[in-house]
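The values are calculated or read from the model by the stated rules, or taken from the named source; none is laboratory data. Here the structure is a predicted model, which means the values were calculated and not measured. Note: ideal-geometry Cβ built from the backbone for every residue, glycine included; neighbour counts use all protein chains shown. Surface areas here come from the heavy atoms of the whole protein model, side chains and all, with no ligands, DNA or RNA. Shrake-Rupley method; radii C 1.70, N 1.55, O 1.52, S 1.80 Å.
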Amino acid sequence: MALVPYEESGMGLQKFHKPLATFSFAKRTIQIRQDWRQLGVAAVVWDAAVVLSTYLEMGPVELRGCSAVELGAGTGLVGIVAALLGAHVTITDRKVALEFLKSNVQANLPLHVQAKAVVKELTWGQNLGSFSPGEFDLILGADIIYLEETFADLLHTLEYLCSHRSVVLLACRIRYERDRNFLAMLERQFTVSKVHYDSEKDIHIYKAQKRNQKEEL
């Protein structure tokens, strides 16, 4: 979802121009290809993805056998880590980013794990018909709530993909008032709590679950 200009400090942008970003997760070295010049913010690893991947590795959510989806996956780091930790993962982004996303998934997942990871097009609020309502146990998103004009479509997408048993984990840096506005929108349909904060990277992780009808009344 993230093919838009983005503001960060000049120093912060330097790491995005490196062709490879290397990480260690799930007892494996993961090398993520980056391509800032061609695809912009969709093709670099943001801190929120690293923090969410670290959080998943800490084990607060049972991933083995879990049906998960990553929204606005970009480079696919979070989905790759979830798959390595045992989840069946659908890793999604807009069509223009899919080939790049697939290349990272294929390069970093062993063949027996690739069978549990599907790369699929999803433009929020648009092609939801190719997914089943309430299909996933876990919905993952890293730094996907920064663009205000996407908020309504993102919220609709979350509502569609979630059942009342689903868990949503969103990792983000709260940069602007609009980021808080999205969380307020989310709280109308979901119970929301902060479950983790990385003070070094200034990244929050929020957990959300669909409200039941009694709570909504």
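A few comments on the model shown:
- The criterion of at least 1 residues that are among the hydroxyl-bearing types (Ser, Thr, Tyr) and either within 22 Å of residue 60 (Cβ to Cβ) or open to solvent by less than 10 Å² (accessible area, probe 1.4 Å) (or both) is met by the following strands (runs of 3 or more DSSP E) wholly inside segment 120-217: 162-172, 190-198, 203-210.
- Condition check for residue 163: among the small types (Gly, Ala, Ser) and without any contact (Cβ under 8 Å) to a residue 40 or more places away in the chain: no
- Among (1) crowded, with 18+ Cβ neighbours inside 10 Å; (2) at pLDDT below 95, the one test that residue 25 misses: (2)
- Complete set of residues in segment 42-67 that are at pLDDT 95 or above and open to solvent by less than 20 Å² (accessible area, probe 1.4 Å): 48, 49, 51, 52, 53, 56, 63, 66
- Residues (over 25 Å from residue 163 (Cβ atoms) and part of a loop (DSSP other than H, G, I, E, B)) located in segment 44-86: 44, 45, 46, 74, 75
- Residue in segment 107-116 that is within 14 Å of the chain's Cα centre (by Cα) and either open to solvent by less than 60 Å² (accessible area, probe 1.4 Å) or among the polar types (S, T, N, Q) (or both) present: no
- Just one residue in the set 72, 59, 65, 40 is under 12 Å from residue 138 (Cα atoms) and not acidic (Asp, Glu); that residue is 65.
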